[in-house]
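Trainee: This is the structure, below, for whatever I ask next.
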Amino acid sequence: MQEHADGAGSAPPSRERNDPQADFDAFYAATARRLVAVVYALTGNLADAEDAVHEAYARAWAKWPSVVAGGDPAAWVRVVAQRLAVSAWRKARNRLRAHRRHGAPDAAPGLGPDHVALVAALQKLPKDQRRVLVLFHLYDLPAETVARELGCTPGALRTRLTRARKALAEHLADTVPPPVAVAPRNGAGTTL
């Protein structure tokens with residue numbers, strides 16, 4: 001491949017083989033490392049640079065025939081990567097400005113033992129049962145919406161919810177400690 005002054009290797013891939021995947025792979029191998037270095041110099045953050053570059057290559061692959069037809073795929077990817085990096089920088093800057101203007105967001109409530117037990121019990125359920133419970137109870141979606149999203153009838157949704165609730169209750173019963181017998185001062189034992 002030819003190298004331009006920026007070293008990005010912007011000559012279009014060979015069209016002789018007519019293998020777009022191989023052409024793109026060769027293009028990526030020849031240009032990606034250099035482009036990450038360029039965007040890293042722009043952003044000052046390697047992770048942000050890698051994210052922007054990889055997103056730019058993904059977009060190039062999605063439009064590969066037209067990118068190659070433009071004559072300089074490396075320039076196309078370079079411009080897209082730089083725009084993505086600048087966009088990410090602007091979003092971060094705007095978040096910082098909003099934080100300064102409005103103050104820090106309220107702290108999220110801590111995860112109590114009940115929440116931890118619920119999540120642990122949900123993880124033990126099959127994916128379909130977990131999904132129906134989360135959509136209906138945690139997202140608080142109407143039954144019609146949940147049924148439509150799951151591709152079932154409202155009657156089938158009711159059956160799924162009943163089975164999922166029963167399974168969840170069994171798993172939650174496993175995580176709840178048994179009642180503790182407490183001996184009151186008068187000597188008679190009671191259960192809490």
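Trainee: Listed residues Arg90, Arg160, Arg97, Arg78; which is of a type outside the set (Gly, Ala, Ser), under 23 Å from Ala47 (Cα atoms) and modelled with pLDDT of 90 or more? Working first, answer last.
Mentor: Details: Arg90 fails: modelled with pLDDT of 90 or more; Arg160 fails: under 23 Å from Ala47 (Cα atoms); Arg97 fails: modelled with pLDDT of 90 or more.
Of the residues listed, the single one that is of a type outside the set (Gly, Ala, Ser), under 23 Å from Ala47 (Cα atoms) and modelled with pLDDT of 90 or more is Arg78.
Trainee: Could I ask something else about it? May I ask you to verify whether Lys91 is more than 21 Å from the chain's Cα centre (by Cα) and charged (D, E, K, R)? Walk me through how you get there before you give the answer.
Mentor: On the way: more than 21 Å from the chain's Cα centre (by Cα): no; charged (D, E, K, R): yes.
Answer is no for this residue.
Trainee: Looking only at the range 104-125, filter to residues that are assigned to a helix (DSSP H, G or I) and open to solvent by less than 70 Å² (accessible area, probe 1.4 Å); which one of those is nearest to His171 (Cα to Cα)? Spell out how you get there, then give the answer.
Mentor: Going residue by residue through the range 104-125, those that are assigned to a helix (DSSP H, G or I) are 113-124.
Still in the list and also open to solvent by less than 70 Å² (accessible area, probe 1.4 Å): 117-122.
On the way: Ala117: 9, Leu118: 9, Val119: 10, Ala120: 9, Ala121: 5, Leu122: 8 Å.
So the residue we want is Ala121.
Trainee: Under 28 Å from the mean Cα position of the chain (by Cα), surrounded by fewer than 15 Cβ atoms within 10 Å (Cβ to Cβ), modelled with pLDDT under 90 and not in a helix (DSSP H, G or I): does that describe Asp140?
Mentor: Values: under 28 Å from the mean Cα position of the chain (by Cα): yes; surrounded by fewer than 15 Cβ atoms within 10 Å (Cβ to Cβ): yes; modelled with pLDDT under 90: yes; not in a helix (DSSP H, G or I): yes.
For Asp140, the condition - under 28 Å from the mean Cα position of the chain (by Cα), surrounded by fewer than 15 Cβ atoms within 10 Å (Cβ to Cβ), modelled with pLDDT under 90 and not in a helix (DSSP H, G or I) - is met.
Trainee: Of all residues in the range 1-47 being at pLDDT below 50, more than 16 Å from Val80 (Cβ to Cβ) and among the aliphatic types (A, V, I, L, M), which is least open to solvent (accessible area, probe 1.4 Å)?
Mentor: Checking each candidate, the answer is Ala11.
Trainee: Can you pull out the residues in the range 64-79 that are within 14 Å of Tyr28 (Cα to Cα) and open to solvent by 60 Å² or more (accessible area, probe 1.4 Å)? Walk me through how you get there before you give the answer.
Mentor: Step one: filter the range 64-79 for residues within 14 Å of Tyr28 (Cα to Cα), giving 64, 67-68, 72-78.
Correct list: Trp76 only.
Trainee: Being on the phi < 0 side of the Ramachandran plot, free of Cβ contacts under 8 Å to residues at least 60 places away in the same chain and touching a Leu at 6+ places or on another chain (Cβ under 9 Å), is that true of even one residue in the range 101-109?
Mentor: Taking every residue of the range 101-109 in turn, none turns out to be on the phi < 0 side of the Ramachandran plot, free of Cβ contacts under 8 Å to residues at least 60 places away in the same chain and touching a Leu at 6+ places or on another chain (Cβ under 9 Å).
Trainee: Taking the range 54-85 as the region of interest, how many residues are touching a residue at least 40 places away in the same chain (Cβ under 8 Å) and part of a helix (DSSP H, G or I)?
Mentor: 11
This table checks each residue for (1) open to solvent by 70 Å² or more (accessible area, probe 1.4 Å); (2) at pLDDT 90 or above; (3) within 20 Å of His115 (Cα to Cα).
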position: Lys127; (1), (2), (3): yes, no, yes
position: Thr145; (1), (2), (3): no, yes, no
position: Pro154; (1), (2), (3): yes, yes, no
position: Asp174; (1), (2), (3): yes, no, yes
position: Ala181; (1), (2), (3): yes, no, no
position: Asn186; (1), (2), (3): yes, no, no
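Trainee: Cβ-Cβ distance below 8 Å, separation of 6 or more or different chains: which pairs start in the range 113-130 with a residue that is under 27 Å from Ala147 (Cβ atoms) and end on one that is acidic (Asp, Glu)?
Mentor: Short answer, once both residue conditions are applied: Ala121/Asp174.
Trainee: Another one. Looking at the range 135-175 only, could you name the residues that are acidic (Asp, Glu), free of Cβ contacts under 8 Å to residues at least 12 places away in the same chain and under 22 Å from Ala121 (Cα atoms)?
Mentor: If we filter the range 135-175 for residues that are acidic (Asp, Glu), which is where we start, we get 140, 144, 149, 170, 174.
Keeping just the survivors that are free of Cβ contacts under 8 Å to residues at least 12 places away in the same chain gives 140, 144, 170.
Of everything in the range 135-175, those that are acidic (Asp, Glu), free of Cβ contacts under 8 Å to residues at least 12 places away in the same chain and under 22 Å from Ala121 (Cα atoms) turn out to be Asp140, Glu170.
The values are calculated or read from the model by the stated rules, or taken from the named source; none is laboratory data. Treat the numbers as computed from the prediction; the structure is a model and nothing was measured. In this analysis, Cβ positions are derived from the backbone assuming ideal geometry, glycine residues included, and neighbour counts consider all displayed protein chains. Areas reflect the complete protein model, heavy atoms only, side chains present, ligands, DNA and RNA absent. Shrake-Rupley method; radii C 1.70, N 1.55, O 1.52, S 1.80 Å.
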